[in-house]
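The values are calculated or read from the model by the stated rules, or taken from the named source; none is laboratory data. Predicted model only: the values in this text are computed from it and were never measured. Counting neighbours? That spans all protein chains shown, and the Cβs are built from the backbone with ideal geometry, glycine included. Please note that ligands, DNA and RNA were not included when accessible areas were found on the heavy atoms of the full protein model with its side chains. Shrake-Rupley method; radii C 1.70, N 1.55, O 1.52, S 1.80 Å.
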Amino acid sequence: MRFLLALVLAFVCSMGAAIAAPPSPAEFLGFTPGTDRTLADYRQISRYFKALDAASPRVELQVLGPTTLGEEMIMAVISSETNMKNLPRIKEIARRLADPRGLTQPEAEALVREGKAIILVTCSIHASEIGASQMAMEWAHALATAEDEETKRRLENVVLLLLPSLNPDGLMMETKWYRKNLGTRYEGSRMPWLYHHYVGHDNNRDWFMLTQKETRALSRAVYREWFPQVWLDEHQMGWAGPRIFVPPYAEPVDRDIHPLVWREANLIGATMALRLEQREKSGVIYGFTFDAYWPGGTKNTAWWKNITGLLTEVASCRLATPVRVEPGELAGRGKGLVEYGPQTNFPNPWPGGEWRLRDIMDYERIVSDALLETASNHRADFLGNALSRARASTKTFAETESYRIPALQRDPVAAHKLASLMLEHGVEVKAAPNGDVFIPLAQPYGRFVAEMFEAQRFPEVKLVAGTEAVRPYDVSAWTLPMMTGVKVERTTLPSGLSTYQLPAARPSSEGAAVALLPGGAENARLVNAALRSAGRVRIARGETGFEGERWPAGTYFLDSVAAKAAAAQLQAGQTWRALKGLPEGAEKVSAPRVGLYKPWMASMDEGWTRFVLDEYGFGPKVLDNKTIRAGKLGASLDALVLADIGKDVISQGKPKREEGEMRYGLEFPPEYSGGLEKEGAKALVEFVEGGGTLVAMGASTEYVLEEFNLPVRNALAKVSATEFQVPGSLLRARVTPGHPVTYGQPSELPLFVDHSIAFETTLPGAEMERWVLASYPADARDILMSGWIRGESRLSRKAAAVAVTYGKGKIVLLGFRPQHRAQTPVTYPFLFNAIYWSTAGAGGSSR
């Protein structure tokens, strides 16, 4: 009887163990990830990781926060059972090594011996690069269930932080679109909208400005909680070149990044390449395309914060639909591989053939395991190197070196926002009793602060003597004080400082009405809140005398109701002046009705524009081609904004192809095809002639110049890249005061410029007025403020921004992007004021 009972108990226990065993992805999903034409969406992936969490003591799920559209952004923490019970201590060791100030050498050595390597792997930030998100499930399951001694050893030495998707919203969009079009001619096609609600592919350009929810959530986990030593970001690239890029990176390299970052990146990359070759995976390349200079991406920003940031890029298929690549279609792509063929950084080219999602996942799984292997083998090295990098950054600067952000600023709100941004990055920020803010440079993130605060000069690097210098991978300037309009100075750190905290926002005074002086971008939040209220709002169109004061043009006057609504938007440093009433001579203001054109060929600049306008309370109405072609836009709009979109995309729905260029490409379904066409152009002309305001930025100004008869031309329209080039730099411009579009702007501004656009104007007819709103200096040597430029003399005395009247309406042409990636608030007022101008009196004269 006892024997029978023991058998029953053993059977029940074994059944319980079987039930509790972590399910494989195939068992959980009902299909094997990597199967042709089959994808798991983010919610399925998230549920799978929750099942792993429930079933395995090696897996613990952490919710980093909500995404833009409300999904849970999850991160899986994976390690040995012993480490999982000791995570608080492991995190504390990583934190102390990341900031070793105050540690003695014996204490530091003891922490290195005790600590575990923490590695972060992020997948599919670009949602169409979907392979890593599918691979993550298989990798996590393998680590959660492995019983071999090597895997156990690795997990004992390493804590893995795994994000199956850094863009959950986009992953949901892509899988939904793919499933909808399965079996049709549009299978595997790109979506006609961005794969992030606002910023699309540029979600990997947000890592020093931290504007998006997803960016901020992971940044906090990395730099304020976990302090990993290594970060791998897994991407995909085009289908017609190498199969995978692994480090080392291409040139140039930023000289301020600690060399141990590159040594570790090269070590890990070499192990990745070795394991791929051993598994007979051809097409592995390094030193290709992707440089080590620009700080905007996920792992890039980490370089300046003493983390070894790694990038892999695997060739793509059409999401889960295989592609067949003919040998003759394989090609080099410039830097690191001019012609497709074997060379030292690419010894075993892929010969062509079928390429599928399973291949992508296999390559990514091998490099992920190679990272885990290297981190385990070099646990003490990686911990010790992180310590050395932090100490070196601290010792780069004298103990008293600092940046001072004076309390007295043209825009105090912007100054506090810059200080708060540094806090968000984990930077140590101090405050003086007089309100000045100081950022010590002798701290672990001191090099990061210096990189963000100093002007850039892109290095001239030539891969071969006598050839042209290497061009930037992305942009060449990111100087935050310039981009935010904040005065900073390098100075000596005083005594008597306290930890900086963002001051509480409060109205400086109250009365029957208030006056809001023209100034920075943050005024728009108050003005829009006031305009949405039942209160009264007026604006001074010229210098106005009232209650014994002279109020400059652009001053807003709010009654008590409007002021109460606006007060909820007040930020630290923002002030207004109390009044007894509203000046009768000031112009009554109504809320502008704003439209934003959205093409079906998704535009990241449209997304960024929409984000900025939403953030500041403009509430734009998004307009597609059909809506604009239908006409009668003036019935619902005062202002219509064209973001930085090419003229052929606006007019025809696709970019113009050069002569001889292959014209074949995947088409959108009919309902998402085409552009504004002739009907849309006519509707825009009628809108402006009827009294509307058209605001065009960047490349869209060329469309407006083509469709409207204006006394303006782009002086650089036919200039070649060998004569003029600017790959995203900050250029000096002189601002014309007194115009409604330039209210509150300083006399000189840095403009972010990445197009060959500079205007020349001529005398208009009697029916039209025109204004040059901003222009480049006459002396070409004064133009470049930060970044890189070729042929700057071609900008001398040219206009950067122009406004004209047209019929009863107005057109504003901004040859730059004032809202570039939500990183240039100093120039937001060009866009905001142009929108407010739309509700001014007929004719729009600023005089």
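When the Karplus curve 6.51 cos²θ - 1.76 cosθ + 1.60 is applied with θ = phi - 60°, which whole-Hz ³J(HN,Hα) does each residue of the range 159-165 get, with x for Gly and Pro?
10, 9, 9, 10, 9, x, 7
Taking 7 Å along the Cα-to-C-beta vector as the label spot, tell me the K395-K176 distance in nanometres, rounded to one decimal.
5.5 nm
Which cross-chain or sequence-distant (5 or more) residues have an amide H under 5 Å from the amide H of Y340, H modelled 1.01 Å from N in plane?
G332
Take the cross-link list K564/K588; K85/K299; K180/K656; K176/K656 and give me the ones stretching past 26 Å between alpha-carbons.
Numbers: K564/K588 18 Å; K85/K299 28 Å; K180/K656 29 Å; K176/K656 29 Å.
Over 26 Å apart, Cα to Cα: K85/K299; K180/K656; K176/K656.
Using the Cα atoms of the range 129-247, I'd like the radius of gyration and the largest Cα-Cα distance, Dmax, both in angstrom.
Using the Cα atoms of the range 129-247, the pair Rg, Dmax is 17.2, 49 Å.
So how do 249-256, 26-33, 260-267 stack up, highest first, on mean other-Cβ count within 10 Å? Could the numbers behind the result be given before it?
Numbers: 249-256: 18.1, 26-33: 15.8, 260-267: 19.8.
Top of the packing list down: 260-267, 249-256, 26-33.
Using a basic spin-label model with each label point 7 Å from the Cα along Cα→Cβ, how many nm lie between E667 and A380?
A separation of 6.6 nm, rounded to one decimal place.
Over 10 Å intervals from 0, what percent of Cα-Cα pairs in the range 267-345 sits in each interval?
14, 38, 37, 11, 1
Considering only the other residues whose Cβ falls under 11 Å of the Cβ of T491, what net charge follows from Lys and Arg at +1 and Asp and Glu at -1?
Numbers: positive: R404, R490; negative: E401, D436, E489.
Value of the local net charge: -1.
For the full complex of protein chains and a 1.4 angstrom probe, list D411, D36 by accessible area with the highest value first.
Numbers: D411 20, D36 50 Å².
Largest accessible area first, the residues go D36, D411.
Under the definition of Cα pairs under 8 Å and six or more residues apart, what whole-number percent is the relative contact order of the chain? It would help to have the intermediate numbers written out before the result.
Values: 1858 pairs, mean separation 86.0, N = 847.
Worked out over the chain, it gives 10 percent.
Rounded to whole Å, give me the distance from the Cα center of the range 260-337 to that of the range 395-414.
Spelled out, the Cα-based centre of one part sits 38 Å from the other.
First measure r as the distance between the Cβ atoms of D614 and E748, then evaluate 1/(1 + (r/R0)^6) with R0 = 35 Å and state the FRET efficiency to the nearest 0.05. Present the calculation step by step, with values, prior to reporting the outcome.
Working: r = 30 Å, r/R0 = 0.85.
FRET efficiency, D614 to E748: 0.75.
Sort the range 29-77 into rounded, prolate or oblate with this rule: let a ≥ b ≥ c be the square roots of the eigenvalues of the Cα gyration tensor; rounded if a/c is under 1.5, and if a/c is not under 1.5, prolate when a/b is larger than b/c, oblate otherwise.
Values: a/c = 2.89, a/b = 1.21, b/c = 2.39.
It comes out oblate by the Cα gyration axes.
If r is the Cβ-Cβ distance from E706 to R536 and R0 is 35 Å, what FRET efficiency results, to the nearest 0.05? Don't skip to the answer; put the middle values down first.
Values: r = 42 Å, r/R0 = 1.19.
For R0 = 35 Å, the calculated efficiency reads 0.25.
What is the extension gain from R279 to R216, computed as 0.36 nm multiplied by their sequence separation minus the C-alpha to C-alpha distance, in nm to one decimal?
Numbers: separation 63, 0.36 × 63 = 22.68 nm, distance 3.78 nm.
Extra length from R279 to R216 when fully extended: 18.9 nm.
In whole Hz, with x marking every Gly and Pro, tabulate ³J(HN,Hα) for the range 490-499 from phi via Karplus 6.51 cos²θ - 1.76 cosθ + 1.60, θ = phi - 60°.
7, 8, 8, 6, x, 8, x, 9, 10, 5
From the list [x] 1.04; [y] 1.17; [z] 0.99, can you say which value of Rg/Rh (Cα atoms, Kirkwood Rh) was derived from the structure given?
[z]
Hey, rough spin-label estimate for A568 and L517, points 7 angstrom out along Cα→Cβ, what's it come to in nanometres?
Once both label points are built, they end up 2.8 nm from each other.
For the chain, what is the percent of antiparallel DSSP beta bridges, rounded to the nearest 5?
Details: 71 of 110 bridges.
In the chain, DSSP labels about 65 percent of beta bridges as antiparallel.
With angles folded into 0 to 90 degrees, how steeply does helix 677-689 sit against the dominant principal axis of the chain? Use alpha carbons for both and round to 10.
Once rounded, the angle reads 40 degrees.
Mind running the shape call on the range 417-532? Use the C-alpha gyration tensor, a ≥ b ≥ c as the square roots of the eigenvalues: rounded below 1.5 for a/c, prolate if a/b tops b/c, oblate otherwise. The partial results should precede the final answer.
Details: a/c = 3.35, a/b = 1.59, b/c = 2.10.
Oblate shape, in that a/c is at least 1.5 and b/c is the bigger or equal ratio.
Could you let me know the centre-to-centre spacing of the range 561-600 and the range 38-57, using Cα atoms, in angstrom?
47 Å
If one takes the longest principal axis of the Cα atoms in the chain, at what angle in degrees, from 0 to 90 and to the nearest 10, does the Cα axis of helix 604-615 lie?
70 degrees
Give the accessible surface of the chain per residue, rounded to a whole number of Å², with probe radius 1.4 Å and ligands, DNA and RNA excluded.
On the way: 33040 Å² over 847 residues.
In whole numbers, the chain has 39 Å² accessible per residue.
Kindly report, to the nearest 10 Å², the accessible surface of W139 as traced by a 1.4 Å probe over protein heavy atoms only.
Number for this one is 0 Å².
Just from its helices, what would the mean residue ellipticity at 222 nm be for the chain, if runs of 4 or more DSSP H residues each count -39500 (n - 2.57) and the sum is divided by every residue, rounded to the nearest 500 deg cm²/dmol? List each step's numbers first, then the result.
Numbers: 25 runs with 274 residues, N = 847.
Helix-only estimate at 222 nm: -10000 deg cm²/dmol.
Work out, step by step, the length gained on full extension between E147 and R95: first 0.36 nm times the residue separation, then minus their alpha carbon distance; give nm to one decimal.
15.6 nm
Using 0.36 nm per residue, how much length does the chain from A504 to K50 gain when fully extended, once their Cα-Cα distance is taken away?
Details: separation 454, 0.36 × 454 = 163.44 nm, distance 3.97 nm.
So the chain would gain 159.5 nm between A504 and K50.
Give me, ordered by chain and number, the residues 5 or more places off A774 or on other chains with an amide H under 5 Å from its own placed amide H.
Long-range HN contacts for A774: T736, A800, A801.
Which residues' amide hydrogens lie under 5 Å from the amide hydrogen of L120, considering only partners 5 or more residues apart or on another chain, with H built in the peptide plane?
Residues meeting the criterion, in which the H sits 1.01 Å from N, are L161, V230, W231, L232.
Which residues does a label at E679 reach in the range 626-647, if reach means a backbone N under 12 Å from a point 7 Å past the Cα toward the Cβ?
626-632
Based only on Cα atoms, what Rg/Rh ratio does the range 320-409 have, Rh being taken as Kirkwood's radius? Could the numbers behind the result be given before it?
Values: Rg = 23.1 Å, Rh = 18.6 Å.
Rounded to two decimals, Rg/Rh equals 1.24.
Against the longest principal axis of the chain, how steep is helix 412-424, in degrees 0 to 90 to the nearest 10, with axes from Cα atoms?
0 degrees
Output ³J(HN,Hα) for the range 143-152: one whole-Hz value per residue in order, computed from phi by the Karplus curve 6.51 cos²θ - 1.76 cosθ + 1.60 with θ = phi - 60°, and x for Gly and Pro.
6, 6, 10, 4, 10, 6, 5, 5, 5, 4
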